[in-house]
Amino acid sequence: MREEDTVCVGSDGLQYCKVCGEAKEAFFPEGGFMGMKKHSRQCACDRKAYEEEQKYFKDKEHRELVSRNTSICFDESRMEEWTFENADMSDTVMHRAKKYVDNWEEMKRNHIGCLFWGPVGTGKSFIAGCIANELLKQEVMVKMTNFNTIIDDIFPLADKTEYINALASYQLLIIDDLGVERNSEYALGIIFSVIDRRIRSGRPLIITTNLPLKEIKNETMLDKRRMSNHNMVPSMKQAKELKQISKERMLTYSEIDQICMNESTEKVQVQIPAKKLKQYFPDTYTKTQMEEIIFMLLASWAEREGKE
C-alpha cells in the first residue's frame with residue numbers, strides 16, 4: 001500500500017495515519033526551527049513496524065549465534081536432537097538435569113558441575129546433550145567432547161597449552177564417556193592437564209562415565225591419574241614399531257596409544273622416575289613435550305641399534 005493511501009491531512013495542516021489515527025507530524029515550539037514549523041513523528045503503526053523490524057534482526061542474530069555455537073559444541077550433528085523436548089521428563093535424573101539448566105546462573109556462580117555415571121546405554125550422554133542444547137539456546141558457550149577426540153586433536157599441535165586453555169574458556173565444558181580412553185602415560189597426562197586447568201578456571205564441568213561410582217571414588221584409581229608420581233617407562237620395541245609405521249603413513253594417536261599400551265608385556269629397557277627426568281629439561285617444558293622428545297630419542301637409538 002502506497003504511503004499516500006494511508007495518510008491524510010488534518011484541519012490543523014498536519015499529516016495523520018488513516019489506520020491508527022495518530023499524527024505523523026508535529027509542530028515545533030513557537031518560533032519554529034531553522035525556518036521549519038513541522039517535524040515528522042512516528043504514529044502507532046510506525047512504532048509497531050519498527051519494533052517488529054528490530055525483533056526480526058535480533059531473532060536472526062540470535063539464531064545465527066546459536067547455530068554457530070552449536071556447530072562448535074558438538075562433534076556429531078545428531079547430538080543437536082538431544083533436547084528436553086525429546087526426553088522423558090518424568091525421569092528423575094532428567095528432571096534434575098533440567099533443574100540444573102533452570103538454575104544455571106547460580107550453578108555458574110558457585111562453580112557447580114555434574115557427574116552422570118552408570119552402565120552403557122542408560123542415557124548419560126543424552127542427558128548431558130539436553131543440558132548443552134538448552135544452554136546453547138540461552139547463548140551460553142558450551143563444548144561437549146570426549147578425551148579420545150581431545151587427545152587426537154592435541155597430539156600434532158606444537159602449542160598444546162593453547163588448546164587446553166581454549167577448553168577451559170568455555171562457559172560449560174562437558175566431557176563425555178570418561179574412562180573409555182586408554183590409560184597410557186600420555187593419555188593420562190592430557191586428561192590430568194585438561195581437568196586440572198578446567199578446575200583452576202573456576203568454570204563448571206560436567207562428566208559422564210561408565211565407571212561405577214565405587215571406582216570413581218576409589219582413592220587408588222584417583223592416585224593412578226595423578227601424573228606427579230608416575231614413572232616414564234618407554235621401550236625400544238615400541239620405538240621401533242612406531243618408526244616402522246611412520247615410514248608407511250602418518251601416525252594417529254590411537255595407533256601410538258595402542259602400541260604404548262603394550263608396554264606392560266614388553267621387556268622394559270629404560271625406567272626413569274619422572275622427578276629425576278625433569279632435571280634434564282627446561283622448567284617451562286610440559287610433561288607432554290618431554291615425552292615427545294623421549295620418543296624421538298628412542299627412535300634414534302632404535303635406528304642405531306638396528307644398524308649395529
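The slack between LYS137 and ASN210, meaning 0.36 nm per residue of separation minus the straight C-alpha distance, is 23.5 nm.
Sorting 142-152, 97-107 by average packing, meaning the other beta carbons within 10 Å per residue, from highest down gives 142-152, 97-107.
Once you have the Cα-Cα distance between GLU53 and GLU85, take 0.36 nm times their residue separation minus that, and quote the gain in nm to one decimal.
8.6 nm
At a Förster distance of 25 Å, what's the computed FRET efficiency of ASP75 paired with ASN165, Cβ-Cβ distance as r, to 0.05?
0.80
Listed cross-link partners LYS108/LYS287; LYS99/LYS143; LYS98/LYS143; LYS99/LYS124 are compared with a 27 Å cut-off, the Cα-Cα value being larger for LYS108/LYS287.
Here, region 112-157 yields an orientationally averaged convex hull projection of 4.5 nm² when only Cα atoms define the hull. Working note: Debye formula, equal point scatterers on the alpha-carbon atoms of region 74-229, no solvent; log10 I(q)/I(0) at q = 0.13 Å⁻¹ is -0.61. Comparing CYS17, VAL7, SER40 along the charge dipole axis of region 1-111, the residue lying farthest to the positive side is SER40, per the Cβ-charge model. A simple packing score, the average count of other Cβ atoms within 10 Å per residue, orders the peptides 74-80, 195-201 as 195-201, 74-80, with the highest score first.
Coordinate-derived values only; no laboratory data. Just so it is clear, the structure is predicted and the values come from calculations on it, not from any experiment. When we count neighbours, we look across all protein chains shown, and the Cβ atoms used for this are built from the backbone with ideal geometry, even at glycine.
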